[in-house]
Structures are given as C-alpha cells and as structure tokens.
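Have a look at the structure below, then the notes.
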Amino acid sequence: MSLTTKQKHDLKKFIKELEQHRGSHTELVSVYIPAEYDLNKIINHLAQEQGTAANIKSSSTRKNVVSALERMIQHLRLFKRTPPHGLAVFSGNVAEREGQEDFKVWSVEPPVPLNTRIYRCDKEFVLDLLRDMMEAKEAYGLIVLDRRDANIALLKGKTIVHLLKTHSQVPGKFKAGGQSAARFARQREGAIIDHYKKVAEYVKEQFLKMEGLKGIIIGGPGRTKYEFVEGDFITNEVKKKIIAIKDLSYTGEFGMEELVDKSQDVLAQEEIVGEKKIMGKFFEMLSTNTAMASYGEAEVMRVLQLGAVDMLLLSDELDDSKIEKFEEEAKKMGTTVMIISTETREGAQLREMGKIAAILRYEVQSQ
C-alpha cells in the first residue's frame, strides 16, 4: 500500500518531532503494538517492566524509566482497544538538562497495519519502522520503445525512476548505394530483432524478480510495442506481468511522462493520478474561469477565510508552520486539503506559483 502525500507529510512531521529528543541514558521508551493485539497484555507487560526497572543501578535512570512507563500505561488506558492498524507509543523524560523533568507521551496509529511488536528502552526513540512506512513499497514497470530506442523505468509512488535506455543498430529506411533491396530489408529486420531481444533481456533483468512490482506497462508509437509483446522475445513469466499497452506519440523521457498520463485507467488506485487530476482541474479553471481559482499565499488565505475554498492545494515543499496555519483555517470552513507532491510536473508548477492554490466553491474576484 502506498501512502498519500498527506499521510507521508503527517508521519514525517511526527518522526521529525521525536527525532529531536535524546536521553542521557537508555531511558526513552518505544512500544509498537501490532494490529489486533490485546492492549491489556501490553499494559501488563509494561507494569512488569516497571518492576524490572527498579533494579537499575543509576537512581536517575531508574526514576526516568519507571516514570516513563507509568505515563505510557496511563496513556494506553485511554484506549478501549488497539486501533485497526496498531499503535506506536513513545514516552520519556525529554528535559534538555540532566536532572530536570519534562515527561511526555506520544502515540500514533500508523497509516499501514503494524505486524511487529517492540518494547525498547534506548537513548533515542525507535523510529525505523515508521520511516520504512514512508518508502513506497509498490511500483509499476514502465517500458517505452520503438524500433530505434527503448527506455525502461519504474513508477514508484509518484516518481518516475529511470533505470536504463538503449539504442538499436537498426539502419534508416533508405538503403546505401549498391545494396539490393532484399538484402537491406534482411539486415534491417535482423537489427530490429536484435534490438527487441536486447530490450527483452533488460526487462527480464530489471523486473522478473522485483519485489512489490504490481505490473508492467508498455507504450510506444505505431505497432512496435505489439511486435515486441506478441513476438517471441519476452519470457512467459515477464509477459504475465504486463497489464497494459498504450499508444504514444513520443519515446524517451517525454514518452515516459506520456505513458503515465495515458495509463490513468490502470493507475486509478495510485495517488499520482489523484494529484494530476486535481491539479489538472485547477489549471483548467485558471485558464477558463479565473474567478473560480486562486493562488498565492495572501490571496488564497483571503478566499479561504471567506469560506469560498472547496479544495485547498498545498505543496509538500511549503513550511510545516504554514501548512498547519492553512490546515487550521481549512478545518474551520470545511475545506478539503490536498498536499501536492513536487514529484510530478503539475506539482512542480504549483511550487513555481507560490506553493499554495485553491479551487473555489463559487466565483470570487481577485483583489
């Protein structure tokens, strides 16, 4: 499951806050509770750990661990049951100076189900499991080719990761002087077949055993892509992974962008499509009815406070403090918020326009 940009933003913010804290000794407590695990068992386990912590030689460390566990137990008693995705809980004395006390407890229900149980005391909070969740685990293989060139890439989350490109030795359509047409045609056909075989080998190397690969999408101009797929070039194991073939006008990197754009039916569950659609709607409004779209920090805040904003679009490169400020206003007005990644062309355009934009509920003239 890939996280939305909003989920990534919230999780990144949570991790960033906890990363700031360091214990003087192994006294910061991290607990991960798997989905569907009995919360009472965790509470009983933490109570037992309090007893064990009473044997810690250092009086300050002993006090900090016992107190952190007590705060955590009190916090967990607020939950009737373990949340559907499990729970990650963190507690400890985060005072800046040794000898002072500032005990805090944090908890978060992860965006994807936890299947690991952890209890650990350390000098820092255990955050690797949460960091791992931010990595896109699923990907699509992308192949763009014609008889001269081929590009292979991954669509990971919203990012096109270019893996390799290859150029064929296929001669042009006009034969050199002195060659018979038949001989030239055979040479050209042989070079095309060699090209397809080489691309097929690269595809097998890249995608056959890749974990998390949801499918392969192939595109290109003309019949080339069908010749490649229907010919005896790709192994059956790889062929089974092909989920769509798309007609394109371009090859190369432009072709990759076009392939993603034209594969929206296939990628309907992927966040890149949602972001592209909503940004496409914004740009359409901006060009056809400017009174229904707004951008720029001051102007968007003005129409947001008027209650005129239907969809608030915030770049993920916007400062956290500004995102919080706009989210707070949006909540008051029942406005939907979308955090837009800069990993797409549309997201990069939003960044260049000031990182803040809005689609309105009704027409408002700009000031």
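For the reader, a short list of remarks on this structure follows.
- Among LEU11, LEU78, LEU69, the residue with the largest mean-square fluctuation in a Gaussian network model of the chain, with springs joining Cα atoms closer than 10 Å, is LEU78.
- Based on alpha carbons, the Rg and Dmax found for the chain are 27.7, 95 Å.
- For ASP310, the residues whose amide H sits under 5 Å from its own are ILE359, LEU360, ARG361, ignoring neighbours fewer than 5 places away on the same chain, with H placed 1.01 Å from N.
- Taken about its Cα centre, the range 5-133 carries a charge dipole of roughly 140 debye when the Cβ of each Lys and Arg holds +1 and the Cβ of each Asp and Glu holds -1.
- Within the range 305-367, the proportion of Cα pairs with more than 13 Å between them is 61 percent.
- 3J(HN,Hα) couplings calculated from phi for the range 125-132 with the Karplus curve 6.51 cos²θ - 1.76 cosθ + 1.60 (θ = phi - 60°) are, in sequence order, 6, 7, 10, 4, 4, 5, 4, 4 Hz; Gly and Pro show x.
- A cut-off of 5 Å between modelled amide H atoms, ignoring neighbours fewer than 5 places along the same chain, links ALA95 with ASP102.
- Listed by chain and number, the aspartates and glutamates placed with their C-alpha closer than 12 angstrom to that of LYS198 are ASP149; residues fewer than eight positions away on the same chain are left out.
- Positive end of the dipole of the chain (Cβ unit charges, origin at the Cα centre): among ILE245, LEU154, SER263, the Cα lying farthest that way belongs to ILE245.
- For the chain, modelled as a GNM whose springs connect Cα atoms under 10 angstrom apart, the maximal fluctuation among SER58, SER107, SER294 occurs at SER58.
- Annotation: amide H-H contacts under 5 Å for GLY215 (H modelled 1.01 Å from N, sequence separation of 5 or more, or interchain): GLY141.
- Against the chain, whose longest principal axis is taken from its Cα atoms, helix 39-53 shows a tilt of about 60°.
- Viscosity 1.306 mPa s, 10 °C: Kirkwood-radius Stokes-Einstein D of the range 218-334 over Cα pairs, µm²/s: 90 µm²/s
- In order along the range 337-345, phi translates into HN-Hα couplings of 10, 10, 8, 9, 6, 8, 7, 10, 4 Hz, rounded to whole numbers, per the Karplus curve 6.51 cos²θ - 1.76 cosθ + 1.60 with θ = phi - 60° and x for Gly and Pro.
- Centre-to-centre separation between the Cα atoms of the range 235-268 and those of the range 73-127: 43 Å.
- Proximal aspartates and glutamates relative to LYS80, as straight alpha-carbon distance under 13 Å, when same-chain residues fewer than 8 apart are discounted: GLU36, ASP38
- This model, with +1 at the C-beta of Lys and Arg and -1 at the C-beta of Asp and Glu, gives the chain a dipole about its Cα centre of some 960 debye.
- Per the Cα gyration tensor, the range 139-262 maps to an equivalent ellipsoid with semi-axes of 28, 15, 11 Å, ordered largest to smallest.
- Over 24 Å (Cα to Cα) - which of LYS123/LYS325; LYS156/LYS225; LYS8/LYS355; LYS13/LYS209 fall in this group: LYS123/LYS325; LYS13/LYS209
- Shape analysis of the range 5-133 yields a ratio of the Cα radius of gyration to the Kirkwood radius, Rg/Rh, of 0.96.
- In the chain, helical runs assigned H by DSSP with n ≥ 4 each contribute -39500 (n - 2.57); averaged across all residues and rounded to the nearest 500, the mean residue ellipticity at 222 nm is -13000 deg cm²/dmol.
Each value in this text was obtained by applying a stated rule to the coordinates, not by laboratory testing. None of the values given here were measured: they were computed from a predicted structure. Backbone-built Cβ (ideal geometry, glycine too); neighbour counts: all protein chains shown.
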